[in-house]
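Written out below as structure tokens is the structure these notes cover.
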Amino acid sequence: MTSAIDRQGRSFWLKHLHRWHWISSAACLIGMLLFAATGITLNHAAQIEATPVITTRAAVLPADLLPLLRRPPQAQQATLPPVVAQWLEARLALSLSGEAAEWSDDEIYLSLPRPGGDAWLTVDRASGEVAYELTGRGWVSYLNDLHKGRNTGAAWRWFIDVFAGLALVFCITGLLLLHLHAGRRPATWPLVGLGLVVPLVLAILFIH
């Protein structure tokens with residue numbers, strides 16, 4: 001009777017663990033491939049050469065918008081007036097997304113960092129002259145920044161959190177499945193132990 005109950009319990013856990021294992025693996029498969037591949041490119045960033053591509057654009061604000069720039073904000077950092085921001089986005093084909101600008105006596109400066117590159121924009125408060133520069137460092141740099149969550153915005157940070165949760169489910173259910181099958185696979189725990197010992201030894205001996 002006891003063995004039958006044990007078999008039923010084992011069957012129950014195997015069924016549910018397999019289900020959550022394959023669901024989590026399917027959901028985070030592409031993310032795991034991305035993060036594994038960019039782990040290699042990040043580790044060899046010095047050997048992967050990237051030639052920056054710099055794009056510059058210039059424009060002049062319409063005269064009717066200049067009074068909005070001459071009006072000083074209450075703080076040194078403030079967003080551009082909405083009408084000015086909309087004109088710049090349409091004229092220069094960029095997204096400001098409510099970015100705060102640095103206001104000085106002569107100009108307005110916006111830093112516009114992004115994955116795989118950087119950008120900045122200045123507006124002369126007296127003449128309305130606009131200068132914009134975009135630096136792109138290629139797809140490898142772009143994917144590396146996605147890996148690090150650098151300048152990626154809130155939506156991508158949420159994706160990383162959800163992906164990390166799914167990866168934890170995948171790993172934990174895999175560990176429990178190893179436990180359930182370990183009796184018939186003697187090499188299970190030595191291999192798991194090796195996966196712990198190797199990085200631990202490397203960290204102790206070679207990382208200072």
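Please treat every number below as a calculation from the coordinates, not as lab data. Note that the coordinates shown come from a computational prediction; the quantities given were computed from them, not determined experimentally. Methodologically, a virtual Cβ is constructed for each residue, glycine included, from the backbone with ideal geometry; neighbour enumeration extends over all protein chains shown.
Worth a mention:
- Amide H contacts under 5 Å for GLU107, placed H, 5+ residues apart: ARG125
- Under 5 Å from the amide H of ALA101 lie the amide H atoms of ALA78, THR79, LEU80, each residue being 5 or more positions distant or on a separate chain, with H modelled from the backbone and absent for Pro and chain starts.
- In degrees, nearest ten, helix 2-43 long axis to first principal axis of the chain (Cα): 30
- For peptides 37-45, 49-57, 121-129, sequence by mean Cβ density within 10 Å, most packed first: 121-129, 37-45, 49-57
- Taking the longest Cα principal axis of the chain as reference, the axis of helix 82-92 is set at about 80 degrees.
- Helix-only CD estimate at 222 nm, as mean residue ellipticity for the chain, using -39500 (n - 2.57) per DSSP H run (n ≥ 4): -19500 deg cm²/dmol
- Least to most buried among ARG184, ARG137 (fewest other Cβ within 10 Å first): ARG184, ARG137
- In order through the stretch 195-204: 3J(HN,Hα) via Karplus (6.51 cos²θ - 1.76 cosθ + 1.60), integer Hz, x for Gly, Pro: x, 8, 5, 4, x, 5, 5, 4, 5, 6
- In terms of the mean number of neighbouring beta-carbon atoms within 10 Å, the peptides 163-172, 189-198 order highest first as 163-172, 189-198.
- Helix 153-181 and the longest principal axis of the Cα set of the chain meet at an angle near 10°.
- Near the amide H of ARG114, within less than 5 Å, lie the amide hydrogens of ALA119, all on another chain or at least 5 residues away, with H placed in the peptide plane.
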